[in-house]
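Working notes, structure below.
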Amino acid sequence: MWVTALFGMASKCSEAFLAVRFRTTDANGQQSGGPQYYLKHAIKGKFGVFLSIFFAVAAVLASFGIGCMKQSNAVAAQLENFFGWNRAIVAIVLAIAVGAVLLGGITSIGKVTAGFVPMMIVFYVGGCIYILAVNAAGIPHALYLVFTQAFTGAGATGDFLGSTFIMALQYDVARGIFSNESGMGSAAIAAAAAKTHHPARQGLVSMTQTVY
């Protein structure tokens, strides 16, 4: 996950930079941008137009799978497992809440995200600190196992030759992408609405989201 985060930070910085650099202002005075914009304006000619349309169509199709179903199913499953909430009711509430935000446009999405992301970071970091504090006695032994077992020749050979490495790579990359959306292009759409005139600054700010 650490290695994929490094690549994710680079791609997040690049797409956020391009989103602000090639964003446009619509008839309502709102900033619009993202891959469908900078592919068209940065790559001149029909090929850029083709890539722009292709991304827009692919993003719509992907939104039903990795963009909506995966996350909403995870939310409903966890609420059902821990609190016994009905999945259908959770799905209806989520659909209404998300629909209300989306109908408000990019400004509404930005405001909701600005409120939820700091809260998400606080809960995530707080939860990690709590887990570490409760299991503080086992931390030295866990670090000992990392440096004595994971970095040995036998451990590395076993990981690369077996299916363990492939499974770890697959699930860790998936978890990272579902969390920070680095390289998917969707985060760049939100970055384009940022109130800044410096594309590089927005790129640096956006790349920190990958860490969380």
Return only the number of the condition from (1) modelled with pLDDT under 80; (2) polar (S, T, N, Q); (3) part of a helix (DSSP H, G or I) that ASN73 does not satisfy. (1)
Confirm whether ALA95 is modelled with pLDDT under 90, surrounded by fewer than 13 Cβ atoms within 10 Å (Cβ to Cβ) and under 30 Å from GLN30 (Cα atoms). yes
Quick test of your reading of the structure: SER182 fulfils all but one of (1) under 21 Å from the mean Cα position of the chain (by Cα); (2) part of a helix (DSSP H, G or I); (3) at pLDDT below 85. Name the failing condition by number. (2)
Report the residue count in segment 98-116 for those that are part of a helix (DSSP H, G or I) and surrounded by 13 or more Cβ atoms within 10 Å (Cβ to Cβ). 10
Could we say that PHE17 is exposed (fewer than 14 other Cβ atoms within 10 Å of the Cβ), out of contact with any Lys or Arg (no Cβ under 6 Å at 6 or more places or on another chain), not in a loop (DSSP other than H, G, I, E, B) and not basic (Lys, Arg) here? no
Just checking, does segment 118-134 include any residue being outside any helix (DSSP H, G or I) and under 26 Å from VAL20 (Cα atoms)? no
Filter segment 31-57 for residues that are surrounded by 15 or more Cβ atoms within 10 Å (Cβ to Cβ) and not in a helix (DSSP H, G or I) and give the result. GLN31, SER32, GLY33, GLY34
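The values are calculated or read from the model by the stated rules, or taken from the named source; none is laboratory data. Please read all numbers here as calculations on a predicted model, not as lab measurements. Here the Cβ is made from the backbone with ideal geometry for all residues, glycine too, and neighbour counts use every protein chain on show.
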